Each structure stands twice: as C-alpha cells, then as structure tokens.
Amino acid sequence: MAKKEAIDVPCTSAEDIKATLVDLGSEKQAKILLRFFKCGKGEYGEGDRFLGVNNPNIRSVVKEAWKSTTLDEAVKLVKDEWHEVRMCGLLILVEKMLKAIKKKDEKEMEAIFKLYVSLHPYINNWDLVDLSAIKIVGNWEKHHPEEELLEKWIRLGDDCLWQRRIAMVSTWILLREGRFDVVMSRAEKLLTSKQNLLHKAAGWMLREMYKHNGEEALEAFLREHIGKMPAVMLSYACEKLTADEKSYWREYKYSLVK
C-alpha cells in the first residue's frame, strides 16, 4: 500500500498547494506513472507530466486545504501542467460539491457543475475522470434529470474521449437510483467506438447496474447488443455473472455470428 505522509499545507493558494505537491514528488514514481498512464507518443496520455505523488498523499493535501481554498484557486490547480496538481484541484471541487449537496445549496451546486464541465480540456486521463465525474456530474444529473449536456457529450466522436467517458461513468450515481435506461442508452452509443477506455467505462457501468438490482436490464441489453459488443465491454459487463451464465452468453453470441 502506498505510504501516506503527514501533510502540512501552510497556505491554500494554488501556488502553495502546488509547492507542497512538488515536495512530495518522487522521480522514480513519476517514471512508473508515465508508463502506467500511457504517456508515450500516440498513446491516450501523450504529453502528460507527473511529479510522482501517490494518491493517499494527494488526498491528504486535499483534506487539509479544500475548506479554505476558493473556487478560483481550485481552477488554477486544475489548469496546471502536472497531473497530480490537476488531480488535487479536481478533488477539491468534489469536496465542495459534496458540501453544497449536504447544504442543499442549488446555486453552489450549479456553479461547481458548470465550472467542472468548462474545465474538461484539463480532465484528460481516466483517473482524473473517474475520481471526479461521478460525484460532480453524477450528483448534478441525479438532482437535475433535465440536464442535456451529457447526452450531447456521449454522442461526440472518439476525438472527445474524455468528455464521452465523463458522460458514461457519471451514470454510476444514476444507476443507484434505478435509472438503468440512462446507463443502457449511453453504453449503446459507445458500441461503435474505437476507444478501449470507452468500452471499459461502458462495461463497468453495466456491471454496476447488474450489481444494483439490474439483472433484467443487463439481460435485455445483452440480448439486443451482444453481437456488436466489443470484447472488453462484454467482459466487464459480465464479470459478476455465474460461470453458467457467462457460458450461456458466449454461446448466444457465437450463435449470432455463425
């Protein structure tokens, strides 16, 4: 398990938070992260830069800083060149969103949601998406089912990888509310994508749907779309099925292509 250090954040300006993260960095860890997050030429994370700070330490900084860090300072963090600094800024926005929800502060919730989606060019790797979109975008959609932006994002092309992943993984909140139709509709729109990370996201949400009383919904989705489902999406979606159920669906898919 990654070591968690005692963090002292002397000030909550973006500059000082960044300085704290820089001090926590490790060149050795940074090299590992560059490989793990596929930052080579032509890979999905091309050009990203890492300080080499582990997630427990980033969260410790967030814990110390988020209450007194303004939204303007959080934005500066999200726009930073370093991955871990952007992560810190996003997690500060998450904490502020959760506080606004607890206080039922609609104005603050809307401000954070709109700010978050405006920052999408900087939310540019799967961990940044997954650790922020669910609690910010998902919670906004839970309280505002009339929101249309994410339906527009899921229809974008594969060059908008991260916007489409935000739209897909944010359904985690909705599926817990029984809104399986949204999960299936967005997963369907990713069937023809060429992006493996979108297949994984869709399969993950279909699996979560199944785990939250969505057995019938998953069966309906598989029966309609299994012939077109990319292998990784199908594998993720069926992960919690029994061995017999997995065998049934493999044979069913095979029967469609014979």
Is it the case, given these coordinates, that TYR116 is buried (at least 20 other Cβ atoms within 10 Å of the Cβ) and within 26 Å of ILE173 (Cα to Cα)? yes
Condition check for LEU24: open to solvent by less than 20 Å² (accessible area, probe 1.4 Å) and out of contact with any His (no Cβ under 7 Å at 6 or more places or on another chain): no
If I filter the stretch 67-79 down to residues being surrounded by fewer than 22 Cβ atoms within 10 Å (Cβ to Cβ) and not charged (D, E, K, R), which single residue comes out as nearest to TYR116 (Cα to Cα)? VAL75
What are the residues in the stretch 47-66 that are at positive phi and open to solvent by less than 10 Å² (accessible area, probe 1.4 Å), if any? GLY52
Could you tell me which numbered condition THR69 fails, if it satisfies all but one of (1) without any contact (Cβ under 8 Å) to a residue 40 or more places away in the chain; (2) over 20 Å from PRO121 (Cα atoms); (3) not acidic (Asp, Glu)? (1)
Restricting to the stretch 127-143, name every residue that is surrounded by fewer than 20 Cβ atoms within 10 Å (Cβ to Cβ) and either over 13 Å from MET97 (Cβ atoms) or in contact (Cβ under 8 Å) with a residue 60 or more places away in the chain (or both). ASP127, ASP130
Which one is most open to solvent (accessible area, probe 1.4 Å), of the residues in the stretch 171-191 that are more than 20 Å from SER235 (Cα to Cα) and in a loop (DSSP other than H, G, I, E, B)? ARG176
Counted residues, the stretch 125-169 - those being outside any helix (DSSP H, G or I) and touching a Lys or Arg at 6+ places or on another chain (Cβ under 9 Å): 5
Residues (aliphatic (A, V, I, L, M) and buried (at least 17 other Cβ atoms within 10 Å of the Cβ)) located in the stretch 227-258: MET229, MET233, LEU234, ALA237, LEU241
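Tell me which residues, restricted to the stretch 232-258, are aliphatic (A, V, I, L, M) and in contact (Cβ under 8 Å) with a residue 24 or more places away in the chain.
VAL232, MET233, LEU234, ALA237, LEU241, LEU256, VAL257
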Scan the stretch 207-221 for residues that are part of a helix (DSSP H, G or I) and either aliphatic (A, V, I, L, M) or under 19 Å from TYR252 (Cβ atoms) (or both) and jot them down. ARG207, MET209, TYR210, GLU215, GLU216, ALA217, LEU218, GLU219, ALA220, PHE221
If only one of LYS194, LYS200 is open to solvent by 30 Å² or more (accessible area, probe 1.4 Å), in a helix (DSSP H, G or I) and under 23 Å from LEU150 (Cα atoms), which one is it? LYS200
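The values are calculated or read from the model by the stated rules, or taken from the named source; none is laboratory data. Keep in mind that this is a model prediction, so the values were computed, not measured. Backbone-built Cβ (ideal geometry, glycine too); neighbour counts: all protein chains shown. Keep in mind that these areas ignore ligands, DNA and RNA; they rest on the heavy atoms of the full protein, side chains included. Shrake-Rupley method; radii C 1.70, N 1.55, O 1.52, S 1.80 Å.
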